[in-house]
1. So what J values fall out for the range 228-240 if you push phi through Karplus, 6.51 cos²θ - 1.76 cosθ + 1.60 with θ = phi - 60°, rounded to Hz, Gly and Pro as x?
2. Using a basic spin-label model with each label point 7 Å from the Cα along Cα→Cβ, how many nm lie between residue 22 and residue 61?
3. Using helices alone, I'd like the mean residue ellipticity at 222 nm for the chain: each DSSP H run of four-plus residues gives -39500 (n - 2.57), total over residue count, nearest 500.
4. Which one of 284, 264, 181 is farthest out on the positive end of the charge dipole of the range 10-285, using unit charges on Cβ (Lys, Arg +1; Asp, Glu -1) and the Cα centre as origin?
5. Would you kindly derive the ³J(HN,Hα) couplings of the range 42-54 from the backbone phi angles with the Karplus curve 6.51 cos²θ - 1.76 cosθ + 1.60 (θ = phi - 60°), listing them in order in whole Hz, with x for Gly and Pro?
6. Tell me, what is a quarter of the convex hull surface for the C-alpha atoms of the chain, in nm² with one decimal?
7. Which whole-Hz couplings ³J(HN,Hα) result when phi for each residue of the range 97-105 is put into the Karplus expression 6.51 cos²θ - 1.76 cosθ + 1.60, θ = phi - 60°, listed in order with x for Gly and Pro?
8. Please give every one of the lysines within straight-line cross-link reach of residue 80, meaning a C-alpha to C-alpha distance under 24 Å, and leave out same-chain neighbours fewer than 8 residues apart.
Amino acid sequence: MSFTLDPQLQLGYTQLRVMDIQKQTAFYETLGFQILEQSMERVVLGAGSNEPVLILVHEENSIPRPPRTTGLFHFAILVKSKEDLGHVIGNLTQRGIRFTGAGDHLYSEAFYLNDPEGNGIEIYHDRPRDEWTINEDGTIDTDTLAVDVQAILALHDANREWTGFPAGTILGHMHLTVSHLDANLKHLYFDALGFDFKTNFRESAYFISAGGYHHHIALNTWMGVGAPPSPQNASGLMAYSLNLSSLEKLQELRENLIKEGVSFIDKREKLVVNDVNGHDMVFIAKK
C-alpha cells in the first residue's frame, strides 16, 4: 500500500527573501497583514491571528530573481467565506491596491496581485465541497473562468471595520513554477511525500493535495519546459511550512522518506525536505 500524507495537513507560512525589507513590510501591512515580530533583517507577519503566515528575510548578498526561472508563482491566502473575500477585496480596492487578474476556478474564486518585488499573491475563498466536481478517481475538475467582480464587491460592507485580514484566514496553497513534470517530481511528491494527485491542468500543471483538498501545492511549467532554477541567493521564495496533526504523522513521513531514499534534515519535531526547486519544505508536528 502506498504512503499517504496526513489528511489533516494544513499549510503554515511562506518565507520570502526580499531586497527592501522596509518597503515590503509596509506593502504587506497595507495588504492586511499584522506584524508579529520585527528586526532589521526579519519580519514575521500574521493574517487575522497570531500564527505566522508570512516571513520576510533580508540578506546582504541577495540579488533580484532573474526572469523566466523556476520558483514562486504565487502564495495563496485563503479567507473563510465569500463575504470575507468581498470585505478584503473591497477594502484593498479602496486603498489603491492594483490587482493583476481574477479567476473562477469552479471550486474557488480568486484575485491576483504582485508585491513590489514581483512575488505573486492570490487571495481567494473556497466554495463548499459539495459544490466541487469530484470525479470517481478522486480528481477534481477546475477551470479559469471570469469572476463576477461586481458581485464580490457588492459584499463589501462599508460599516464593517477594517482591521486587516479577518479571523480564520490561512495560507491556503503554494503555486510553484518547475522545470519538468517528470518522474523525479512524481517520485518526490507522490511516492515519498504522499500527496494525492488532483488535477492535470491543460497538460502543464499538476495540482496535488492531502485529505481531498483541491490543492495544497500546484506545480506548473509556464516559465517554459526546462526553465532554469533561480540562483540560491535570488529574491523570492526561500521556504514554506506544512503542519501535520501529530508527532506520529511526522514519524510516518520520516520513515517513508527513508524508505524512498529522499534526504532530509531531521529536527525532531520538524523535518526539512528540499522541494524540486531547492526550497525548504518544513514539515512541523502541531501538538
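Just so you know, all these numbers are worked out from the coordinates, no wet-lab data involved. It should be emphasised that the depicted structure is a prediction, and the values quoted were computed from it without experimental measurement. Note that we place each Cβ from the backbone using ideal geometry, even for glycine, and neighbour counts take in every protein chain shown.
1. Calculated HN-Hα couplings, in order: x, x, 5, x, 4, 9, 6, 5, x, 5, 10, 7, 8 Hz.
2. Each label point lies 7 Å from its Cα, and together they span 2.5 nm.
3. Rounded to the nearest 500, it is -4500 deg cm²/dmol.
4. Positive-end residue among those listed: 264.
5. Taking θ as phi minus 60°, the curve returns 8, 10, 10, 10, x, 9, x, 7, 8, 8, x, 10, 9 Hz for the range 42-54.
6. 15.1
7. Per residue, the Karplus-derived 3J(HN,Hα) values read 5, 9, 9, 8, x, 8, x, 8, 9 Hz.
8. Hits, sequence-local ones excluded: 198, 286, 287.
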